[in-house]
Amino acid sequence: MLQHIVTPDVFRNGIIKYLHKHQFSTASSDDLWNALQAALDESDISHNSYKLKEVMDSWLKQRHYPVVRVNRNWDTGEITLTQEHFRSKNASERVDSDKWWIPLTFATQTNPDFSNTLPTYWLRPQDKNITIEGIDPNDWIIVNVQQIGYFRVNYDDSSWKKIANYLNSDNYTKIHVLNRASIIDDAYHFLITHQLDINIFLELANYLSQEIDLVALYPMFNILEFTQGFYNFPETDYYKVNIKIVL
């Protein structure tokens with residue numbers, strides 16, 4: 001994630017600075033952040049809104065990981081992004097109030113650029129939400145290009161369905177393989193935590209019948225292994241019938 005935030009060149013220059021300065025001495029994590037910050041300050045990468053230590057401390061010094069929720073206002077075209085802690089299946093587990101510095105990247109159906117992993121926006125701990133405008137309402141939007149950030153993404157139902165429709169078309173490979181994999185993995189985890197309807201998950205998984213890349217198939221292999229212990233229960237008949245279609 002860090003390499004994508006600052007670009008590979010800046011990351012490499014920062015590591016060189018760090019190693020040169022501390023090759024004969026002990027060092028702390030702050031020394032690493034200072035070296036990377038110095039390399040970033042020397043670059044032409046826009047970074048006035050954040051300091052690397054502050055960003056990385058939010059990821060390294062608290063539990064769990066975030067979910068970014070993506071909700072579209074289909075009347076105004078605005079897309080609102082918020083963050084929250086990922087909820088496990090254990091509903092009684094304590095949820096911390098801390099939040100993260102989340103680097104946001106996205107691609108759309110009109111502009112399916114999955115190569116640029118430099119953050120377009122930041123969702124900061126103090127932000128209630130951020131808003132993206134100007135996206136064609138007919139487009140899908142996929143957040144977290146190449147899954148550079150360590151977080152899950154949950155969309156509103158209509159957005160999930162737009163993604164599912166596109167995945168089930170002949171153009172599905174225009175979505176990066178890492179995002180195809182993360183879409184299935186995220187959707188399943190939202191399904192088992194009662195945050196996603198099973199029919200939407202099955203619409204997404206249906207595309208796998210035409211998938212040929214092992215990276216994108218791997219999450220489904222894990223899902224099948226995890227769920228095999230439930231196949232003898234009649235409540236899973238609907239799920240089994242639809243999964244057989246995928247296979």
#### Entry: Over the chain: helical MRE at 222 nm, DSSP H runs n ≥ 4 each giving -39500 (n - 2.57), nearest 500
-13000 deg cm²/dmol
### Task
Quick one: among Val153, Val67, Val215, which has the greatest mean-square fluctuation in a GNM of the chain with alpha-carbon springs under 10 angstrom?
Val215
### Exposed-loop-free span, longest in the chain, where GluC sites (Glu not before Pro) count as exposed if DSSP calls them loop and at most 13 other C-beta atoms lie within 10 Å
134-247
## Note on the structure
Which of (i) 19.9; (ii) 27.3; (iii) 18.6 gives Kirkwood radius over Cα pairs in Å as computed here? It is (i)
### When each of Lys99/Lys128; Lys61/Lys99; Lys51/Lys99; Lys128/Lys161 is checked by Cα-Cα distance, pairs over 21 Å
Lys128/Lys161
### Message
What do you get for the angle between helix 8-22 and the principal long axis of the chain? Use alpha-carbon atoms, 0 to 90 degrees, nearest ten.
### Response
50 degrees
### Query
Where does helix 177-192 land angle-wise versus the long Cα axis of the chain, in degrees 0 to 90, nearest 10?
60 degrees
### Query
Roughly how many whole Å is it from the C-alpha centroid of region 155-233 to that of region 109-131?
22 Å
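Values in this text are rule-based calculations from the coordinates and carry no lab data. All values derive from a computational prediction rather than experimental measurement. Positions of Cβ are generated from backbone atoms using ideal geometry, with glycine treated the same way; all protein chains shown enter the neighbour counts.
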